[in-house]
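Have a look at the structure below, then the notes.
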There are 2 protein chains.
Amino acid sequence: VALKKKFFDKLETRAPKRREAALMAELPELITHAKRRAPGFAKILGDVDPSKLKSRAALAKLPVTRKSDLGTLQKEMPPLGGLNATPVEKLGKLFVSPGPIYDPEGRGRDWWRTARGLFAGGFRAGDRVLNTFAYHFTPAGSMLESGATAIGCTVIPGGVGQTEMQVATIRDLKVNAFVGTPSFLKLIVEKADEMKADISSLEKAHVGAEYLPPQLRKSLGERGIRVSQTYASADLGLIAYESVMPDGTVNEGMILDERLILEIVRPGTGDPVAPGEVGEVVITTFNKDYPLIRFGTGDLSAVLPGTSPCGRTNVRIKGWMGRADQSTKVRAMFVTPRQVSEIVRRHPEILRARLVVEGEAGEDRMTLKCEMRERLPGAAEAIVASIREVTKLRGDVQLVEPASLPNDGKVIEDLRKYG
Amino acid sequence: VALKKKFFDKLETRAPKRREAALMAELPELITHAKRRAPGFAKILGDVDPSKLKSRAALAKLPVTRKSDLGTLQKEMPPLGGLNATPVEKLGKLFVSPGPIYDPEGRGRDWWRTARGLFAGGFRAGDRVLNTFAYHFTPAGSMLESGATAIGCTVIPGGVGQTEMQVATIRDLKVNAFVGTPSFLKLIVEKADEMKADISSLEKAHVGAEYLPPQLRKSLGERGIRVSQTYASADLGLIAYESVMPDGTVNEGMILDERLILEIVRPGTGDPVAPGEVGEVVITTFNKDYPLIRFGTGDLSAVLPGTSPCGRTNVRIKGWMGRADQSTKVRAMFVTPRQVSEIVRRHPEILRARLVVEGEAGEDRMTLKCEMRERLPGAAEAIVASIREVTKLRGDVQLVEPASLPNDGKVIEDLRKYG
């Protein structure tokens, strides 16, 4: 019966309008909860009136809290920056990422919501899953284990390294499902060949945390291992996931999880971009323990038009398209996406802008390429003055046609080649 | 309220007679379950009639299945030797120990029952617990994590190694409780001194998996870290635990868990020893997923007379007193505790025996020291003949007074010094 179930739950096939209405209806309650229980968010949200938070337009006016802010916030209000609505002593676990950055895990089944992504990747009750994400300090192991056991899989917590033992375990226990990074799966398959170990029991893999080269997916597919991807993070849990068709085809794009609101914003700002444009992934999550509101992941992606052929109706995004934090040093001074955004804000005739940094070491040049709504006389000179004022640096301006800048989420493009 | 709770549950303070009656009453059902659901035990138990298994005397007639048998049993009936009553696809996890030996974890809260031991060691809801047992392949991390979260602790899964990060985590998160091996705790404390890191938040530790030197316990106590021990294994979960008094005193002995039947047997046999005598720890566990019946742990221990001053009424055992598998090679032939037992069985006038092996390499001598009930004429010569018959080796006999052999569980004592 479980094998015939097509969807993880009914949320996945809701009419998009119903989903949107449900998420927006739930938003005021989430904001109320965060303001009341999470002192960090009480501070961030200030005197925002939760009852008015019923639309994306209203949400877009709230401040973005970025992953890169967590270090400072957590130092100010240890250990979690007050972003947790559940006090530490009521949480299930705490993890430590380099920084150190602390991440909480609450209590209860499938807390990270990774089961939905595993299910869409074809994982089912009774599967024997080798989970090769690390369990020590980082949440990755626990994130995927909790999802797999929620589905009813039997998990072998392999953790990282010990490649020969991983191979022997797949062979001896007839493991049929793998969870981990694509590069470690590649290593395991190569080691199995070297050991002449029969790992043909392995029929599916759910991978994440790094780029999956299409060629690797293809070659694993030829060995009978169907690979699906998950996009998750240590703060948000599952963000988006790939779905697999009954014939094994993996559908284009990553489908958004059901317990999130996604925005794609111009890097360095809180401003949503036009549909389809590349920008920073900003997530608002309906997690009662850790209700992150407008959390800037630092990842670049874009919304894909339409919906997946698998029947799931939620928004799809492209995979990971780079880092959103494009801050760089020019002539020993920091230049940030936020500064570029400030320059654009001062000149309403600019549609989009991109700061290009070039030159040899010590002789940096910067040019602000501006897509112009209209060409007003003296505009270029005025923008040059704004650049100097905002960045304390001299920069050139180049006026370009609307829609002529690449759609890659870059607000600052660093073309310098050092070393 | 939780802090004032003295016992984990009401089972701990039952009158010993009530506990014994309850365990014996439950035994037939356990045997029925194992025979019906675990094909390995169906084979081991043969035509045993479960309805007659209502006493220790009846239990003592069943075969002992030893930890050292698991490798062979698992090869014959992969992956768990058919000792699991829950099929693999319904289990929560599988672990891999060197060998490889596979160990199951079922589903549900506190499956390994370690919460009882942690509670007796003073662990309470809200504690911040650094769990430094490994989570990868081995069950140790999961065993203690599940117990700690069942109590309501918040767990930081530190895993093994990364000593500096462990110290920084204790310092920055104000961790107040440690779980792991005593030697790793020692390493962490020394590293903290070296780093001049303030880890004074650490007030308790629950340690296991190796010997705890009394001097280490003392020096940790002087730093304000109260150390209690747990005795658990990858197959049985919690076996026994130390209890701590409100004033911090750690009571003598390890109290048996409530969901077990303990026997101490003569190494190499299934025969219970006299009360207080050292022998192999044999456990029958009321675990519905993995109902190990007369499972020989390979560990030596002994029952302590009386009960603990903490108020828990269950039997106490001494800590780990050595390995029960004393098989050795004499003149290139294996001599086993089972052979010694066979010799003793042939001469009812022998109360206890101990085979002492001495000599330089290549010139091994063995002597069977026998405590005699009565000295029959010709007994020594007859025993010498039995030694030759059973071991295919020549051995001397030395008749000694009853109760003159040391109470250390040794059936074979190897006094040879090689290398």
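The values are calculated or read from the model by the stated rules, or taken from the named source; none is laboratory data. These numbers come from a predicted model, not from an experiment. With ideal geometry, Cβ positions are generated from the backbone for all residues, glycine too; neighbour counts draw on all protein chains shown.
Pick out the one residue from B:Gln215, B:Gln229 that is loosely packed, with under 14 Cβ neighbours inside 10 Å and either farther than 16 Å from B:Val282 by Cα or modelled with pLDDT of 95 or more (or both). Just a single option satisfies the conditions, and that option is B:Gln215. Just one of the numbered conditions (1) touching a helix residue (DSSP H, G or I) at 6+ places or on another chain (Cβ under 6 Å); (2) not in a strand (DSSP E or B) is not true of B:Asp289: (1).
Residue-by-condition table, conditions (1) crowded, with 24+ Cβ neighbours inside 10 Å; (2) of a type in the set (S, T, N, Q); (3) in contact with a helix residue (DSSP H, G or I) (Cβ under 8 Å, 6 or more places away or on another chain); (4) in contact (Cβ under 8 Å) with a residue 40 or more places away in the chain:
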position	(1), (2), (3), (4)
A:Leu236	yes, no, no, yes
A:Pro246	no, no, no, no
A:Met254	yes, no, no, yes
A:Arg259	no, no, no, yes
A:Gly270	no, no, no, yes
A:Ala274	no, no, no, no
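If you go through region A:331-362 and keep only what is modelled with pLDDT under 90 and in contact with a helix residue (DSSP H, G or I) (Cβ under 8 Å, 6 or more places away or on another chain), you end up with just A:Met333. Looking for something assigned to a helix (DSSP H, G or I), closer than 23 Å to A:Gly81 by Cβ and either in contact with an Asp or Glu (Cβ under 9 Å, 6 or more places away or on another chain) or within 14 Å of chain A (Cβ to nearest Cβ) (or both) - is there at least one such residue anywhere in region B:180-194? No, because not a single residue in region B:180-194 is assigned to a helix (DSSP H, G or I), closer than 23 Å to A:Gly81 by Cβ and either in contact with an Asp or Glu (Cβ under 9 Å, 6 or more places away or on another chain) or within 14 Å of chain A (Cβ to nearest Cβ) (or both).
Close contacts from region B:117-141, counting a first residue that is over 17 Å from B:Ile239 (Cβ atoms) and a second that is among the basic types (Lys, Arg) and modelled with pLDDT of 95 or more, with Cβ to Cβ under 9 Å and a gap of 6+ residues or different chains, come to B:Gly122/B:Lys204; B:Gly122/B:Arg226; B:Phe123/B:Lys204; B:Ala125/A:Lys90; B:Gly126/A:Lys90; B:Asp127/B:Lys204; B:Arg128/B:Lys174.
Determine whether B:Glu363 is more than 25 Å from the chain's Cα centre (by Cα), of a type in the set (Asp, Glu) and not in a loop (DSSP other than H, G, I, E, B). Judged against the criteria, B:Glu363 is not a match.
Listed by first and then second residue, the pairs linking a residue in region A:18-37 that is surrounded by 14 or more Cβ atoms within 10 Å (Cβ to Cβ) to a residue that is among the basic types (Lys, Arg) and not in a helix (DSSP H, G or I), with Cβ atoms under 6 Å apart and 6 or more places separating them unless they lie on different chains, are A:Met24/A:Lys54. Consider region B:160-178 and keep the residues that are within 13 Å of chain A (Cβ to nearest Cβ) and touching a residue at least 40 places away in the same chain (Cβ under 8 Å). The one that is surrounded by the fewest Cβ atoms within 10 Å (Cβ to Cβ) is B:Lys174. When A:Thr328 is tested against (1) surrounded by 21 or more Cβ atoms within 10 Å (Cβ to Cβ); (2) more than 19 Å from the chain's Cα centre (by Cα); (3) polar (S, T, N, Q), exactly one condition is not met: (1). For region A:399-419, taking the residues that are in contact with an Asp or Glu (Cβ under 9 Å, 6 or more places away or on another chain) and among the aliphatic types (A, V, I, L, M), the one that is surrounded by the most Cβ atoms within 10 Å (Cβ to Cβ) is identified as A:Leu405. Given the structure, is B:Gly147 within 14 Å of another protein chain (Cβ to nearest Cβ), on the phi < 0 side of the Ramachandran plot and crowded, with 23+ Cβ neighbours inside 10 Å? Answer is yes for this residue. What do you reckon, is A:Thr65 surrounded by 19 or more Cβ atoms within 10 Å (Cβ to Cβ) and among the β-branched types (Val, Ile, Thr)? So A:Thr65 fits the description; yes.
Look at A:Pro377 and say whether it is modelled with pLDDT under 95, surrounded by fewer than 16 Cβ atoms within 10 Å (Cβ to Cβ), under 29 Å from A:Gly276 (Cα atoms) and of a type outside the set (Lys, Arg). For A:Pro377, the condition - modelled with pLDDT under 95, surrounded by fewer than 16 Cβ atoms within 10 Å (Cβ to Cβ), under 29 Å from A:Gly276 (Cα atoms) and of a type outside the set (Lys, Arg) - is not met. Restricting A:Ile293, A:Ile283 to those that are without any contact (Cβ under 8 Å) to a residue 60 or more places away in the chain, under 13 Å from A:Leu236 (Cβ atoms), of a type in the set (A, V, I, L, M) and crowded, with 21+ Cβ neighbours inside 10 Å reduces the list to A:Ile283.
Scanning region A:331-343 for residues that are buried (at least 21 other Cβ atoms within 10 Å of the Cβ) and aliphatic (A, V, I, L, M) yields A:Val335, A:Val340, A:Ile343. Taken over region B:150-159, the criterion of being more than 7 Å from every other protein chain (Cβ to nearest Cβ) and in a loop (DSSP other than H, G, I, E, B) is satisfied by B:Gly152, B:Cys153.
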